1. Using a ≥ b ≥ c from the Cα gyration tensor of the range 391-440 (square roots of the eigenvalues), is it rounded, prolate or oblate, where a/c under 1.5 gives rounded and otherwise the larger of a/b and b/c decides, a/b for prolate?
2. With +1 on each Lys and Arg Cβ and -1 on each Asp and Glu Cβ, and nothing else charged, work out how big the dipole of the chain is about its Cα centre, in Debye to the nearest 20.
3. Given charges of +1 on the Cβ of Lys and Arg and -1 on the Cβ of Asp and Glu, with all other atoms neutral, how large is the dipole of the range 250-349 about its Cα centre, in debye to the nearest 20?
4. Regarding the range 319-440, what is the average projected area of its C-alpha convex hull, in nm²?
5. In the Gaussian network model of the chain, springs joining C-alpha atoms below 10 Å, which of Gly365, Gly96, Gly134 carries the largest mean-square fluctuation?
6. If you average the alpha carbon positions of the range 12-35 and of the range 257-333, how far apart do those two centres end up, in angstrom?
7. Roughly what angle does helix 2-27 make with the longest principal axis of the chain, taking Cα atoms, 0 to 90 degrees, to the nearest 10?
8. How big is the equivalent ellipsoid of the range 245-388 along its three axes, where each semi-axis is √(5λ) from the Cα gyration tensor, reported in whole Å from largest to smallest?
Amino acid sequence: MQTKHSFKYWQWRVLIGTMIGYAVFYFVRKNFAFAMPSLGEEYGITNTSFGIILSLVGIIYGLSKFVNGIIADRTVARWHLAIGLAACSVFNLLFGWSDKLSTLITGQAGGAEFVSTMVIIMATLLVLNNVFQGCGFPPCNHLLAWWVPPKELATKSAIWNTSHSFGAALAAVFCGYVIARTGNWRYCFFAPAAIGFVGVVFIVLTLRDTPSSVGLPDLPNTKTEIDGDDSPAAFRAFIRKKVFLNPIIWLLAITDLFVYIVRFAVLDWGPTFLQQREEPLSPALAGWTIGIFEIAGLVGMLLAGWVSDKFFKSKSHRVVAVEMLLTGACLLALHLVRNTASPVVILILLALSGFFLYGPQALIGVTASKQATKKAASSALGIIGIMSYVSVIFTGAGLGWYSDHFGWDSLYLLMAGVSVVGFIFVVVLWNIKDDGYVSD
C-alpha cells in the first residue's frame, strides 16, 4: 500500500512538474509572433521576411526535436529539460538587444543596412533558440512513458498536453498585454526570459527520471524485446524496427504534419491576421482570441483523452480521425462567415476549431508512444516532431508570401482542406493493434 501511494505521488509530481516546465518553454518561443507587428511597423520588415524566419526556425525546431528524441531515450530527462530552457532564456535576452547589436555591427541606428543586419541577427538568435527548444518535449515524453501505464496513457497524456495550451495561452495573453501596455517589442523577450530562468530552477528541484531512481518498481505489463539486452547495438536494432521501419509511426507523423499546419497558421499568424481583417481587433483582443483558442484546445484535449480510454478502449487513433473531420467543419464555417461575422462569432468558431484540433495533437503522440514502447517512445516522437515541423514551410514562408500578395481571405477554407487530408491519412490506421509491447 505504501509503495502504491508513493508511486502515485511521484507519478503526479512528475506529470505536473513536466507540464509546468514545458509550459514555460512557450514563453520563450511563441513571443516572437507578438513582436512581429511592432517590428514591422518600426523597421518596415515585411510579412514575407517574417515568414522566411518562421519557416527557418520551425524546420530547425523539428530537426532538434528529432535529434533530442533519440537522445532523450538515453539521458537523464530533468537535466535535458533544464539545460534546454536555460539556453532558450539566454537567447531571448539577447534577442531583446538585437537592434543594439545591429547598431554595434553596422555603426548605424537606421536605414537598409541596419534593418538587414537586424533581421539576420534576429534569425540567428531564433535559430539558436529553436535548437534548444527541441530539448523540451522529448524528455517530457520520456518521463510519461516510464511513469504512466499504457492503459492510462491517453488520459494522462491528454492532461499533460494541456501544457501546450496553458503555455501558449498564457504567453499570448501576457505578450499581448506587454505590447499594449509598453508599446515596446523588447519586453516581449526580456520578461519571458526572466520567467524561463525561474522555470529552470523549478525543473531541477521537482523532477526525477524513472520510478527506480526513487526506489520504486518499474511499470508492469511494459515488457520490451530488449529488456534482457540493453546494449547500444540491441538498442539501435530496436529503434530501427519500432520507429524507422514502422509504417504506423510514419502515417501518424504525416497526420501530425496536417494538424500542425492548422495549429501554426493560427498561432504564428493569428495576432497579425486578426489585426488586419476588415474590422481589425486590438492587440489585446487579438491576444485574448488566440488565448481562448488555446484554452478551448486544452478542454478538448482533456475530453479526447478521457473519451479515448473510456469509450474507444484506448484506441486513440480513432478519436484522432473523428476530430480531424470536426475541425475541418469548424474551419469551413469560419470561411463562410469571415466577412460578416462579429468578433464574438469569430472567437467562438475559432475556439471550437481549437477544441477539436488539440485532441489529435495529444493523441497522435499517445498512439506512437504505445507502438514504439517506453524504450523508444521519445525516438518515435522525434520522427513525428520533425514531420510536424515541416509544416512551417507552408505556415511560415508560404503564408507570409500568400498574405503579402492575396491577403487572408481564403485562409480558413485552406485550413479546412488540410484537416480533411489529415483525416484521410489517420483513418487508414483504424484497426491497428493496441501497442507494441510483448507478453510478460
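FYI, it's all coordinate maths here, none of it is from the lab. Keep in mind the model is a prediction, meaning the values are calculated, not measured. Virtual Cβ from ideal backbone geometry, glycine too; neighbours counted across all protein chains shown.
1. Here the range 391-440 falls in the prolate category.
2. Working: 30 positive and 24 negative charges, 227 e Å.
Roughly 1080 debye, rounded to the nearest 20.
3. Details: 7 positive and 7 negative charges, 74 e Å.
The dipole of the range 250-349 has a size of about 360 debye.
4. Values: hull surface 35.0 nm².
The Cα convex hull of the range 319-440, projected and averaged over all directions, gives 8.8 nm².
5. Residue with maximal mean-square fluctuation among Gly365, Gly96, Gly134: Gly96.
6. Taking the Cα centre of each part, the range 12-35 and the range 257-333 sit 18 Å apart.
7. Result, in degrees: 20.
8. Details: eigenvalues 191, 48, 30 Å².
Equivalent ellipsoid semi-axes, largest first: 31, 16, 12 Å.
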